1. Kindly establish whether Leu72 is under 30 Å from Thr242 (Cβ atoms) and within 12 Å of ligand 1 (Cβ to nearest atom).
2. Quickly run through segment 218-236 and pick out the residues that are part of a loop (DSSP other than H, G, I, E, B), at pLDDT 95 or above and either among the small types (Gly, Ala, Ser) or near ligand 2 (Cβ under 6 Å from one of its atoms) (or both).
3. Run Thr60 past the list (1) assigned to a loop (DSSP other than H, G, I, E, B); (2) without any contact (Cβ under 8 Å) to a residue 60 or more places away in the chain; (3) among the β-branched types (Val, Ile, Thr) and report the number of the one that doesn't hold.
4. Looking at segment 118-148 only, could you name the residues that are within 16 Å of Ser55 (Cβ to Cβ) and of a type in the set (Lys, Arg)?
5. Would you call Leu243 away from ligand 2 (no atom under 16 Å from the Cβ), modelled with pLDDT of 95 or more and among the hydrophobic types (A, V, I, L, M, F, W, C)?
6. Looking only at segment 101-112, decide whether some residue is of a type in the set (Val, Ile, Thr), within 19 Å of the chain's Cα centre (by Cα) and in a helix (DSSP H, G or I).
7. Which one of the conditions (1) crowded, with 18+ Cβ neighbours inside 10 Å; (2) within 18 Å of the chain's Cα centre (by Cα); (3) assigned by TED's automatic domain parsing to the domain that holds Ile220 does Leu61 fail to meet, given that it meets all the rest?
Amino acid sequence: MDRLTLPTATRIAAIEIDNYRTKTFVLDARLDALPGQFVMAWLPRFDEKPFSLVSADPVTLMITAVGPFTTLVHQLAVGDRLWIRGPFGRGFDVASDQQRQALVGGGYGVAPLYWLAQQQAAKAAAIHVVIGARTKRDVLYAERFARQVPPVTLHITTEDGTAGTRGVVTDALEPLLASRQIDGVYACGPHGMLAALERLGTEHGVPCQLSWEAYMRCAIGICGACEHEGHVLCMDGPVLRTLQGMVAPA
Ligand SMILES: Cc1cc2nc3c(=O)[nH]c(=O)nc-3n(C[C@H](O)[C@H](O)[C@H](O)COP(=O)(O)OP(=O)(O)OC[C@H]3O[C@@H](n4cnc5c(N)ncnc54)[C@H](O)[C@@H]3O)c2cc1C
Ligand code: FES
């Protein structure tokens with residue numbers, strides 16, 4: 001399957017428990033997509049919500065239970081159906097001159113970066129992965145990144161200091177930028193985190209690509225749910241070069 005314009009039934013082939021409120025669902029489907037793009041997942045007569053692709057082959061989604069839809073998805077079992085359409089949006093566009101990369105994820109923002117890290121592993125000279133979370137039990141995908149071959153350098157920050165360094169992702173990234181170890185920053189997480197990263201990137205002259213996962217409904221530029229400053233993030237994003245001017249990667 002290249003691209004699904006209508007919700008299409010898939011079967012859940014495997015489920016992994018990532019933490020107390022996050023599971024990874026592997027579906028029996030394959031898409032033509034890029035890291036940073038997303039799909040809409042649908043449960044008939046209930047709702048439809050966006051999720052980043054952790055992989056397109058097979059389609060894999062990391063889903064944190066935060067409300068009605070995600071709680072219902074968490075009740076599904078292997079063999080159950082989940083409908084998807086997509087992929088949508090613009091993904092990360094890694095420039096060949098950005099050989100030393102920092103991939104920075106907050107919360108479930110880690111999902112698209114795991115795929116990006118795998119894609120870049122063989123191409124990049126060095127990959128630093130910064131995972132930010134509130135507490136130790138909120139840290140996502142640390143074991144997966146730690147198992148990656150060739151290896152990435154992993155930095156974990158937690159707000160309460162229960163895992164990794166106490167603080168936020170910018171605390172781990174700043175010294176890497178200041179010591180000129182990074183050519184490009186790729187990030188996904190809450191808007192406040194992205195804004196702080198953008199400021200830091202500008203300060204150190206390092207380009208950033210920021211995935212802004214704003215509220216979305218239609219994913220095809222019609223409903224306006226994701227509109228900001230005249231741009232629709234479902235099509236012009238979610239990956240942007242700047243939050244201020246809303247510029248997407250070329
Ligand atoms: C492009 C994109 C990619 C996403 N990727 C993932 C992913 O990989 N894994 C994952 O678990 N979730 C992801 N999300 C978020 C997910 O779509 C929402 O959490 C979804 O609304 C959950 O539905 P719900 O009915 O369970 O909870 P809801 O009732 O919809 O939301 C629960 C709470 O989360 C808040 N919320 C919901 N969506 C957003 C948002 N976009 N920004 C800020 N706050 C929000 C609501 O205000 C509410 O307080 C992504 C969102 C977008 C736009
Ligand atoms: S989600 Fe409808 S316009 Fe973007």
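1. Criteria not met by Leu72.
2. Cys218, Ala219, Gly221, Ile222, Cys223, Gly224, Ala225, Cys226
3. Result: Thr60 fails condition (1) only.
4. Hits for segment 118-148 are Arg144, Arg147.
5. no
6. Scanning segment 101-112, I find at least one residue that is of a type in the set (Val, Ile, Thr), within 19 Å of the chain's Cα centre (by Cα) and in a helix (DSSP H, G or I), so the answer is yes.
7. Result: Leu61 fails condition (3) only.
Rundown of residues vs (1) at pLDDT below 95; (2) surrounded by fewer than 22 Cβ atoms within 10 Å (Cβ to Cβ); (3) assigned by TED's automatic domain parsing to the domain that holds Ile127, yes/no style:
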| position | (1), (2), (3) |
| --- | --- |
| Ala9 | no, yes, no |
| Glu16 | no, yes, no |
| Phe25 | no, no, no |
| Asp47 | no, yes, no |
| Ala56 | no, yes, no |
| Gly67 | no, yes, no |
| Ala95 | yes, yes, no |
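The values are calculated or read from the model by the stated rules, or taken from the named source; none is laboratory data. Just so you know, these numbers come straight off a predicted model, no measurement behind them. Methodologically, a virtual Cβ is constructed for each residue, glycine included, from the backbone with ideal geometry; neighbour enumeration extends over all protein chains shown.
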